Amino acid sequence: MAAIQAEQQRSFIAGESLEDLNPAALSLKKFDWREFPWWFVALIIIAIGTLMVILTSPSFTKAFNTIIGGLRVTISATLTAFAIAVVLGLVTGLGRISNKVVSKNVATLYVELVRGVPMLVLIFFVALVMVPALVTGSNKLGLALFEAGVLAESNFLSNLSIRDIPMFSRAVIALSVTYGAFLAEVFRAGIQSISKGQMEAARSQGMSYGQAMRYIILPQAIRNVLPALGNDFISMLKDSSLVSILAVGDISQVARLYAAHSFRFGESYISLAILYLTMTLSLSLIIKIIERRMAKNER
Amino acid sequence: MSDNIIELRHISKNFGEIGALRDVSLTVKRGSVVVIIGPSGSGKSTLLRCINQLETPTAGEVWIDGEKLDGSDEQLNKIRADIGMVFQHFNLYPHLSVLENITLAQKIVRKRDKKEARAIAMDMLEKVGIAEKADSYPNQLSGGQQQRVAIARALAMQPKIMLFDEPTSALDPEMIKEVLDVMLLLAEEGSTMVIVTHEMGFARAAADEVIFMDFGEMIERTTPELLFSNPSHERTKLFLSQILQK
């Protein structure tokens, strides 16, 4: 009886746990202390401990409440950038497997360029080099169109100033461009995981390549890559801390500022870590649940 | 309108250095049933796939219903809609129900409305004997049932030609008959069919003509009676003796 109870409890906790679970161990009827997710117990203890510290220590509460003010920026930057990156990644992924020479090469160039540069460097490049260059280009275009008599002297192209593009938008562009390249590879792998017979069956019925992609290949491919997309979303949430170097007021930036002027480094960075952990752990829990549900409904 | 609905003229197909087909010519008359046999790697499937251009021949011409295929996508899609194909591994769309498998191409290629596509799909499912499975998903069906759905999916396009690429090779023995029965029914109805198969009994019963292929060449082409009783080539004899021993 005790063994069964222990197993029930174990599998209950295992059901809540996030990673590194051996499915074979789940079917064991005997309690196996080696397979027990001790790390999860430790995590809960740490969580309860820090929660108590935050609630009881005024300096901690103050730090936490200040830093949480940057949450909106972090979340909206991540959500917007991820949405753009998904579109960019899908288009690029389709380009990578296209047999059209131009699309294939443009897509591959983009992926290879971006993947070979550290994200921090890319963020500086997009925000401080690429965006200003685009603005300068737009100004020149506006001037040229004015001289050609198409637009008035003061038009929206020539009036665009570098300062009109807020750092937040530049951060979002930087994140999107970086993750677009990662997601392109995810989508490409997803599409290539669908058996060749699916495309052949669709084409043999007279569907065009585009129709076969849209109705047959992509619905299956996207289903296959959903877990990978979820994990990349979590990565992006974490990497969004890098855009704090652009002073956009996300939680990392707020924590850095607060720590610098209050000298409460411990309180600031522990609060910051807790915020990220809460978001990433709950997201990966949600992904696990979705994955499990999908596995159950596997057709 | 030509009497020959399919005409392959001097088709060759190379995969890299390997010549899968060597100067093969074939005509198929409207309403006839042609069975292609031969050892594996002899180019039978490649020949079949050249008909609807799932393989593009390296050399030679393909004529379908009096029209020469010129490689344009537009013409290809139009012609493929008129050529049903049944694959060895069924290739049903696993994310769609049986009914949706059969209605999808009708709707987006034939531009039929939902009601019409559905009605035709149900007719075809009735014909292959699994109308009750309309709302199931492919992986809930047995291999034989999946292949019958695949046949219904091809038939629903109301094709002029049906191609079968080893339709029973991936099936468990007890399911082969249910698929062959459907194919026999189609043959009796006068469909134009080109079939690659190892089922000699079926070839004998249904074929108007049997083609024996080996090493990418068409060795022999004759009626099933003659081929099975009195093959004229050594290679055919050898192949038949190997296969009929089993």
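Coordinate-derived values only; no laboratory data. Not measured: the values here are computed from a predicted model. Here the Cβ positions follow ideal geometry from the backbone for every residue, glycine too, while neighbour counts run over all protein chains shown.
Quick one: which of A:132-142, A:261-271, B:149-159, B:31-41 comes out on top by average Cβ neighbours within 10 Å, and what's the full order, highest first?
Final packing ranking: B:149-159, B:31-41, A:261-271, A:132-142.
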Next on the checklist: Counting only Cα atoms, I'd like the Rg/Rh figure for the protein assembly as shown, Kirkwood definition for Rh.
Outcome noted: 1.11
Item to check | Dipole-positive endmost among A:THR80, A:GLY266, A:TRP33 within chain A (Cβ charges, Cα centre) | outcome: A:TRP33
Item to check | Among A:VAL135, A:ILE48, B:ILE51 the positive-end extreme of the charge dipole of the protein assembly as shown (Cβ point charges) | outcome: A:ILE48
Item to check | segment A:32-74: trypsin sites (Lys or Arg not before Pro) falling in loop per DSSP and having at most 10 other Cβ within 10 Å | outcome: A:ARG34
Checklist entry - Relative to the Cα centre, what is the charge dipole magnitude of the protein assembly as shown, using +1 at the beta carbon of each Lys and Arg, -1 at the beta carbon of each Asp and Glu, and rounding to the nearest 20 debye? => result 1460 debye
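Please give me the summed charge of the neighbours of A:ARG96: other residues whose Cβ is under 12 Å from its Cβ, Lys and Arg +1, Asp and Glu -1. Could the numbers behind the result be given before it?
On the way: positive: A:LYS100, A:LYS104, A:ARG188; negative: A:GLU112, A:GLU185.
Once positives and negatives cancel, what remains is +1.
Let me confirm one metric for peptide B:85-91, namely the mean number of other chain beta-carbon atoms within 10 Å of its residues' beta-carbons. Write out the running numbers ahead of the final one.
Values: counts 5, 2, 4, 1, 3, 2, 10.
Whole-number average of other-chain Cβ neighbours for B:85-91 is 4.
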Checklist entry - Once you average over the residues of A:211-222, how many Cβ atoms of partner chains fall within 10 Å of each Cβ? => result 3
Checklist entry - Given only helices, namely DSSP H runs of n ≥ 4 each adding -39500 (n - 2.57), what is the per-residue ellipticity at 222 nm of chain A, to the nearest 500 deg cm²/dmol? => result -24500 deg cm²/dmol
Next on the checklist: Taking the Cα centroid of segment B:166-213 and of segment A:198-231, what is the distance between the two, rounded to the nearest whole Å?
Outcome noted: 31 Å
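Taking a ≥ b ≥ c as the square roots of the Cα gyration tensor eigenvalues, with a/c under 1.5 meaning rounded and otherwise prolate when a/b beats b/c, else oblate, which class fits chain A? Display every interim value, and only then the final one.
Details: a/c = 3.34, a/b = 1.22, b/c = 2.75.
Oblate shape, in that a/c is at least 1.5 and b/c is the bigger or equal ratio.
What is the dipole size for segment B:39-141, taken about its Cα centre, with +1 at each Lys and Arg Cβ and -1 at each Asp and Glu Cβ, in debye to the nearest 20?
Values: 14 positive and 15 negative charges, 43 e Å.
It comes to approximately 200 debye.
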Next on the checklist: Whole-Hz ³J(HN,Hα) for each residue in segment A:202-216, computed from phi via Karplus 6.51 cos²θ - 1.76 cosθ + 1.60 with θ = phi - 60°, x for glycine and proline: what do you get?
Outcome noted: 5, 5, 5, 8, x, 6, 6, 4, x, 5, 4, 4, 5, 8, 10
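May I ask which of B:LYS78/B:LYS111; B:LYS78/B:LYS133; A:LYS196/B:LYS29; A:LYS288/B:LYS133; B:LYS44/B:LYS133; B:LYS44/B:LYS237 have a Cα-Cα span longer than 21 Å here? Working shown, then result.
Working: B:LYS78/B:LYS111 12 Å; B:LYS78/B:LYS133 30 Å; A:LYS196/B:LYS29 31 Å; A:LYS288/B:LYS133 32 Å; B:LYS44/B:LYS133 33 Å; B:LYS44/B:LYS237 18 Å.
From the list (B:LYS78/B:LYS111; B:LYS78/B:LYS133; A:LYS196/B:LYS29; A:LYS288/B:LYS133; B:LYS44/B:LYS133; B:LYS44/B:LYS237), the Cα-Cα distance tops 21 Å for B:LYS78/B:LYS133; A:LYS196/B:LYS29; A:LYS288/B:LYS133; B:LYS44/B:LYS133.
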Checklist entry - Between segment B:115-151 and segment A:96-174, what is the C-alpha centre distance in whole Å? => result 52 Å
Checklist entry - Could you state the principal axis extents of the C-alpha atoms in segment B:196-244, from the largest down, to the nearest angstrom? => result 25, 19, 17
Next on the checklist: Using only DSSP helix segments of four residues or longer, with each worth -39500 (n - 2.57), what per-residue ellipticity at 222 nm results for chain B after dividing by its residue count and rounding to 500?
Outcome noted: -12000 deg cm²/dmol
Item to check | Distance in nm between pseudo-label sites at B:SER72 and B:PHE215 (7 Å out along the Cβ direction from Cα) | outcome: 4.1 nm
Item to check | Stretchable slack from A:SER161 to A:PHE265, in nm (0.36 nm times residue separation minus alpha-carbon distance) | outcome: 33.7 nm
Checklist outcome for this item: The long-range amide H neighbours of B:MET85, using H built 1.01 Å from N in the peptide plane and a cut-off of under 5 Å, are B:LEU163
Checklist outcome for this item: Each label sits 7 Å from Cα toward the beta-carbon; between A:LEU109 and A:LEU43 the label points are separated, in nm, by 4.4 nm
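Per-residue mean of other chain beta-carbon atoms within 10 angstrom of the beta-carbon, peptide B:100-113? The partial results should precede the final answer.
Numbers: counts 1, 1, 0, 0, 6, 10, 1, 1, 9, 6, 2, 0, 0, 0.
For peptide B:100-113, the averaged partner shielding equals 3.
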Checklist entry - Where does the Debye-calculated log10 I(q)/I(0) of segment A:185-299 sit at q = 0.09 Å⁻¹, using only Cα point scatterers of equal weight, no solvent? => result -0.44
Checklist entry - What ranking do B:11-18, B:199-206 get when scored by the average of other Cβ atoms within 10 Å per residue, highest first? => result B:199-206, B:11-18
Item to check | Lys, Arg +1 and Asp, Glu -1 on Cβ, resulting dipole of segment A:142-234 about Cα centre, debye, nearest 20 | outcome: 440 debye
Checklist outcome for this item: Across 10 Å bins beginning at 0, the whole-percent shares of Cα-Cα pair distances in segment B:1-93 come to 14, 48, 33, 4
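Gain in length, A:ALA295 to A:LEU71, computed as 0.36 nm per residue apart minus the alpha-carbon separation, to one decimal in nm?
Extending this stretch completely gives an extra 77.3 nm.
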Checklist outcome for this item: Each label sits 7 Å from Cα toward the beta-carbon; between A:ILE245 and B:HIS10 the label points are separated, in nm, by 6.6 nm
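As an exercise, identify the GluC sites (Glu not before Pro) in segment A:102-162 lying in DSSP coil whose Cβ has no more than 13 other Cβ atoms within 10 Å. Please list the in-between numbers first.
Numbers: sites: A:GLU112, A:GLU147, A:GLU153; in loops: A:GLU153.
Counting only loop positions with at most 13 other Cβ atoms within 10 Å, the GluC sites (Glu not before Pro) in segment A:102-162 are A:GLU153.
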